Amino acid sequence: MASESIAAPVRPVQYLQAQLRWQWGEIAFWLATLLPFVVAPSYLVLASQIAITALFALSLDLILGFSGIVSLGHAAYFGVGAYTAGLISAKLGFGEPLTGLLAAAVAAGIFGYLTSFIIARFRHLALIMITLGIGLVLQEAFNTAGFITGGFDGLQGIHTWPIFGKFHFDLYGYTAYAYSLAALFVIFLVARRIIHSPFGLALRGIRENNSRMPAIGAPTRTHIRTIYTIAAIIAGVAGAILAETTETVSLEALGFQRSADVLVMLILGGTGRLYGGLIGAAVYMVARDQFSGLNPQYWYFWIGLLLIAVVMALPNGILGGLAHFARRMQAKP
Amino acid sequence: MQKLLYGLAGLALGLFGASAVHAEDAVKVCLIISYSGQFADTGNQMDHGVTLYMKQHGDTVAGKKIVLIRKDNGGIAPDVAKRLAQECIVRDGADILAGFELTPNALAVGDVSAEAKKFMVVMNAATSIITTKSPYMARTSSTTPQLNFTLGQWAAKNGIKKIYTMVSDYGPGIDAETWFQTGFKEGGGEIVGSVRFPVANPDFSAFIQAAKDKNPDGIYIWIPGGAQPLAVGKALAERGIDPKKTKILGQDALGFESALQGMGDTALGIITVANYDYNHDSAMNKAFVKAYNDEFKRNPDIFSIGGYDGTHLIYEALKKTGGKTDGESLINAAKGMTWESPRGPFLIDPETRDIVQTVYIRKVEKVGNELRNVEIDKVPAVKDPAKARMTH
Amino acid sequence: MHPVFGVLFDGLAYGMLLFLMSVGLSVTLGMMNFVNLAHCSFAMLGGYVAITLMNAFGWPFLATLPAAFVAAAAASVVLERIFFRRFYRASDLEQCLLTIGIVFVSIAIAAYIYGTDQQPMQPPVYLRGSINFFGLDLAVYRLFLIAVALVITAALMVTVETTRFGAQVRAAVNNQRMARGLGINVDGLFAVTFALGSGLAGLGGALAIAMLGLDPQFALTYLIYVLIVVSVGGLGSIFGSFAAAMLLGISDIAGKYYVPAIGAFLIYLVMIVLLMWRPTGLFGRR
């Protein structure tokens, strides 16, 4: 988020180090995420689901916002992670949450790595439709294996053990929110580090001009496969947290609706800005919750209007609009 | 200025105090229903059933006011359902959880009902195991085995020897297939073939043709409501299957009003099993249908009656407990409760807390100028066979 | 004749319907690269207009078809003026967000006016039933559908290949910048093409009611199939959409008949394989 002056040339290392310094806005944001504990304790369950969705949106940002890979099937990895954690608890009786996360990360990562070979070879509409197709095929496959996965009815029998043996998942959602927020923060730090690194710069180069990158020696296909696998792992972890905190998983975790929703949230917040997914998820889910509370039958009318309004007033999403506004304020003498 | 502030503060306190006192005298019922998305229609009908009952019987029971809190589940979303139930209890102070057209949502909320010890009334979701999830849960709709096992046995007893089954490839469809086949085979029938079609299938032509190739006496079809019954009807007509010769059997959705209107005369002869139809010939039902039409300009269906009877259960249970709203009292009051509903006799099984009711076999016939489901047979006091077999 | 031919015939009719609903999107996406996810909302609008005219005003079915076309085209002109025009230069993602917002609003409006249940519709008597052709039962309505689609396809191909307007459209799809450079009013052309495409979608929607039903979710349910047809066929190619729709309709049906176990995903697998083989679609630009 730092702006460079054209006058003095900047060395790459300095640039990256400048990016890595914590801005006061970021610190304020993370402090604000602690507010629900104090100010709105009856909203903690919603807050934990926002945190999970934010993590999922973050993973999509890594491939979409930073690398230019548009995916309409990202929920596939979310679902793989959710079912892995769920099945370990329901079928093997092992409900330890952190082990579940690890297993989910591995499973989603493997699946992401395998599919990345296909993904890396395509762009534009073909890529979008292929990712959509993979998601739909996977959902059907999980449905066919309904005797294991429980199909649309959902996997029954998930029981998550208390974290570290002490923190039990309660009705109010204190543990759920603390757990999902902690995971979000830790993974965010990792993502931040990845983005503000030479690898991250290469990704942005790929996004901007895919054909030119090999000319300067960047192995585009390998880079895309790497970031795609990382994004799949993160999505899988998000899915696992959902399975563990709600103790249910059903096929809609893999579905098109989920992939489309997270894409909308990311665009709303602003792509390629790390915080875009988090803000977008928070705004969209809070808006949806409030609108559907006020008007259960037609809330999507208001959400539709919100989306139209945001895209017309704030190009590049909410954060894009804020950045634009900030630049104009700075430009004023 | 200061006086104004004190005045406002006093007013606020007064209102707060009044509402706090008022809250003591209210029973909050959380309705978790899909008001949006592809199941919105069933959700709306269920909501209408609830609203009509409350309009007819007032909103005060045992000295307390019934307050409805509506939450939109938006379709199949068990994690959302669970969150809505949790929020209802924690944030809104709900005493009773009700609604649930869909099994995954009902199953998820069952956990919440068990943990928070809240009375829960399932008004539609039909999978057998749902009521086992919480000891405070009762159901007022039907179960898939209850309807389909009965149909299977009836078919075997009524001269249908060979049947080809086709169902939607997800929970309720597979459930229906299992229980229909069990009932039919136990009655001496033979299943000549079966297929499961994808959930969002728009075109049934291929499947119907494959069924026709096997030359069965009857074809059993299970599909959810919405656009599919219509598409099935079209496919049957186009592939040249005459329901009067090859018996077409199915569950309620196949006989839904919108489906019959779309299918036209090609629907004549379709046999369905259901726990309720607006054509049921009883004085109570006629009055119910008229009131429903006056209020909502359409006919009630199985979702409406589930909502209507579910509300009745809540009211009667509250009357019996004298207004006590804890889960234990309410479920004990609900167990064994029996009454005459617009659908027929109704009993909440004291052991399983599930519904025991008369199951009707109907055939599509022309009454005057319209196509209606006419009752041709009925089986009284049917318990859920799935749970009965689990315990024995 | 083997019954599978009857089934394939049904698949053909289904494919034709998909073609009608998709051709507009293919051309506008190919010409202006404008991602219009609200395309099926126009189809839905056409459907609801047809139903209202038939049920509330007693119009004969055939008369409602041009009305559906005109209504959808008119709606698209209005939306294009107010919203879409500003987003031609915007990114794909912004266009996505805008049009998804419009979809949501359209679904809510449809649910509010017409309710959430299925719209009952019976085609007129002369379009019901089936005729027997060499032992096969061919549904009259499906024959009608195929006939209408063939006529429209022919009209489109003739327009594109022989008229000046068609030549301009082809030029704009092929290379927009050059076309502008030659003095072709690409923006105006786009407005007309957009209206035409949306009108066709509306027509498709009206024709679809008797086969697929109509409820407020229509705008989203069929979007996936339309996207599959458009991507497999190739952007900007009318013939491509036609071929893709046929291919998908038939492989879907044949798959369900011969291998029902994978019937659900066959259509997606076919799409994935075809796109991997030809990423720009069967007849798309290289």
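The values are calculated or read from the model by the stated rules, or taken from the named source; none is laboratory data. Keep in mind that this is a model prediction, so the values were computed, not measured. Glycine also receives a Cβ, built like all others from the backbone with ideal geometry; neighbour counts cover every protein chain displayed.
List every residue pair whose Cβ atoms lie under 7 Å apart, where the two residues are 6 or more positions apart in sequence or sit on different chains, the first residue falls within segment B:166-178 and is farther than 13 Å from B:VAL195 by Cα, and the second residue, located anywhere, is outside any helix (DSSP H, G or I) and of a type in the set (S, T, N, Q).
B:GLY171/B:THR127; B:PRO172/B:THR127; B:ASP175/B:THR127
If you scan segment B:211-230, which residues turn out to be over 13 Å from B:PHE197 (Cα atoms) and of a type in the set (A, V, I, L, M)?
The answer is B:ILE219, B:ALA227, B:LEU230.
Have a look at C:LEU62, C:LEU8 and point out the one that is of a type in the set (A, V, I, L, M), touching a residue at least 60 places away in the same chain (Cβ under 8 Å), out of contact with any helix residue (DSSP H, G or I) (no Cβ under 7 Å at 6 or more places or on another chain) and in a helix (DSSP H, G or I).
Of C:LEU62, C:LEU8, the one residue that is of a type in the set (A, V, I, L, M), touching a residue at least 60 places away in the same chain (Cβ under 8 Å), out of contact with any helix residue (DSSP H, G or I) (no Cβ under 7 Å at 6 or more places or on another chain) and in a helix (DSSP H, G or I) is C:LEU62.
Mind listing whichever residues of segment C:114-141 are assigned to a helix (DSSP H, G or I) and either at the interface with another protein chain (Cβ under 7 Å from one of its Cβ atoms) or under 17 Å from B:GLY43 (Cα atoms) (or both)?
Within segment C:114-141, just C:TYR114 meets the criteria.
Output the residues belonging to segment A:211-245 that are among the polar types (S, T, N, Q) and out of contact with any Phe, Trp or Tyr (no Cβ under 9 Å at 6 or more places or on another chain).
Within segment A:211-245, A:SER211, A:THR220, A:THR222 meet the criteria.
I'd like to check something: does segment C:257-274 contain any residue that is in contact (Cβ under 8 Å) with a residue 12 or more places away in the chain, on the phi < 0 side of the Ramachandran plot and either part of a loop (DSSP other than H, G, I, E, B) or among the charged types (D, E, K, R) (or both)?
Looking through segment C:257-274, none of the residues is in contact (Cβ under 8 Å) with a residue 12 or more places away in the chain, on the phi < 0 side of the Ramachandran plot and either part of a loop (DSSP other than H, G, I, E, B) or among the charged types (D, E, K, R) (or both).
Any residue in segment C:179-202 that is within 21 Å of B:ASP203 (Cα to Cα) and part of a helix (DSSP H, G or I)?
The answer is yes, given that some residue of segment C:179-202 is within 21 Å of B:ASP203 (Cα to Cα) and part of a helix (DSSP H, G or I).
Could you run through segment B:258-279 and say how many residues are closer than 25 Å to B:TRP179 by Cα and buried (at least 21 other Cβ atoms within 10 Å of the Cβ)?
Number satisfying all stated conditions: 10.
Tell me which of these C:PRO260 doesn't satisfy, since it passes every other one: (1) under 17 Å from B:SER205 (Cβ atoms); (2) buried (at least 24 other Cβ atoms within 10 Å of the Cβ).
(2)
Do any helices (runs of 4 or more DSSP H) lying entirely in segment B:96-189 carry at least 2 residues that are outside the structural domain of B:TYR315 (by TED's automatic domain parsing), at pLDDT below 95 and surrounded by fewer than 24 Cβ atoms within 10 Å (Cβ to Cβ), and which ones are they?
B:144-157, B:171-186
So is A:ALA238 within 13 Å of chain B (Cβ to nearest Cβ), in a helix (DSSP H, G or I) and small (Gly, Ala, Ser) or not?
yes
Looking at segment C:77-103, which of its residues are aliphatic (A, V, I, L, M), in a helix (DSSP H, G or I) and without any contact (Cβ under 8 Å) to a residue 12 or more places away in the chain?
C:VAL78, C:ILE82, C:LEU93, C:LEU97, listed by residue number.
Filter segment B:336-345 down to the residues that are in contact (Cβ under 8 Å) with a residue 40 or more places away in the chain and either closer than 23 Å to B:ILE66 by Cβ or not assigned by TED's automatic domain parsing to the domain that holds B:ASP95 (or both) and list them by number.
Across segment B:336-345, the qualifying residues are B:GLU340, B:SER341, B:PRO342, B:ARG343.
Of the residues that make up segment A:277-293, is at least one closer than 21 Å to A:VAL45 by Cβ, within 12 Å of chain C (Cβ to nearest Cβ), of a type in the set (Ser, Thr, Tyr) and touching a residue at least 12 places away in the same chain (Cβ under 8 Å)?
yes
Checking A:ARG121 against (1) more than 10 Å from chain C (Cβ to nearest Cβ); (2) in a loop (DSSP other than H, G, I, E, B), which single condition isn't satisfied?
(1)
Give B:ASN332, B:ASN275 a once-over and let me know the one that is over 22 Å from B:THR144 (Cβ atoms) and either outside the structural domain of B:THR60 (by TED's automatic domain parsing) or of a type outside the set (A, V, I, L, M, F, W, C) (or both).
Checking each option against the conditions leaves just B:ASN332.
So, in segment A:265-276, exactly how many residues are part of a helix (DSSP H, G or I) and either under 20 Å from A:ALA47 (Cβ atoms) or among the hydroxyl-bearing types (Ser, Thr, Tyr) (or both)?
Qualifying residue count for the region: 6.
Does any residue of segment A:158-166 turn out to be crowded, with 18+ Cβ neighbours inside 10 Å, within 11 Å of chain B (Cβ to nearest Cβ), hydrophobic (A, V, I, L, M, F, W, C) and over 22 Å from A:VAL106 (Cα atoms)?
No: zero hits.
Which of the residues spanning segment A:281-312 are out of contact with any strand residue (DSSP E or B) (no Cβ under 7 Å at 6 or more places or on another chain), surrounded by 20 or more Cβ atoms within 10 Å (Cβ to Cβ) and among the small types (Gly, Ala, Ser)?
The answer is A:ALA281, A:ALA282, A:GLY304.
If a residue has to be crowded, with 24+ Cβ neighbours inside 10 Å and under 25 Å from B:PHE207 (Cα atoms) to count, how many in segment C:269-283 make the cut?
Adding up the residues that qualify gives 1.
Kindly indicate the residue of segment C:226-251 that is within 20 Å of B:ALA206 (Cα to Cα) and surrounded by 24 or more Cβ atoms within 10 Å (Cβ to Cβ) and also farthest from the other protein chains (Cβ to nearest Cβ) among those meeting that condition.
For segment C:226-251, the residue satisfying everything is C:ALA245.
Can you give me the ranges of the helices (runs of 4 or more DSSP H) entirely in segment B:195-298 with at least 1 residues that are more than 30 Å from C:PHE134 (Cα to Cα), away from every other protein chain (no Cβ under 14 Å) and not acidic (Asp, Glu)?
The helices (runs of 4 or more DSSP H) meeting that bar are B:283-296.
Taking segment C:120-142, which residues are crowded, with 17+ Cβ neighbours inside 10 Å and at pLDDT 80 or above?
If the condition is that a residue be crowded, with 17+ Cβ neighbours inside 10 Å and at pLDDT 80 or above, then C:PRO123, C:LEU127, C:LEU138, C:ALA139, C:TYR141, C:ARG142 are the ones that fit.
Among (1) more than 8 Å from every other protein chain (Cβ to nearest Cβ); (2) closer than 23 Å to A:GLU208 by Cα; (3) in contact (Cβ under 8 Å) with a residue 24 or more places away in the chain, where does A:THR271 come up short?
The single condition A:THR271 does not satisfy is (1).
Considering only segment B:167-194, state which residues are closer than 25 Å to B:MET390 by Cα, hydrophobic (A, V, I, L, M, F, W, C) and more than 14 Å from chain C (Cβ to nearest Cβ).
B:ALA176, B:TRP179, B:PHE180, B:PHE184, B:ILE191, listed by residue number.
If you take the residues of segment B:352-370 that are in a loop (DSSP other than H, G, I, E, B) and in contact (Cβ under 8 Å) with a residue 40 or more places away in the chain, which of them is surrounded by the most Cβ atoms within 10 Å (Cβ to Cβ)?
B:ASP354
Among the helices (runs of 4 or more DSSP H) lying completely within segment A:18-117, list those that include at least 3 residues that are in contact (Cβ under 8 Å) with a residue 24 or more places away in the chain and over 18 Å from the mean Cα position of the chain (by Cα).
It comes to A:75-92.
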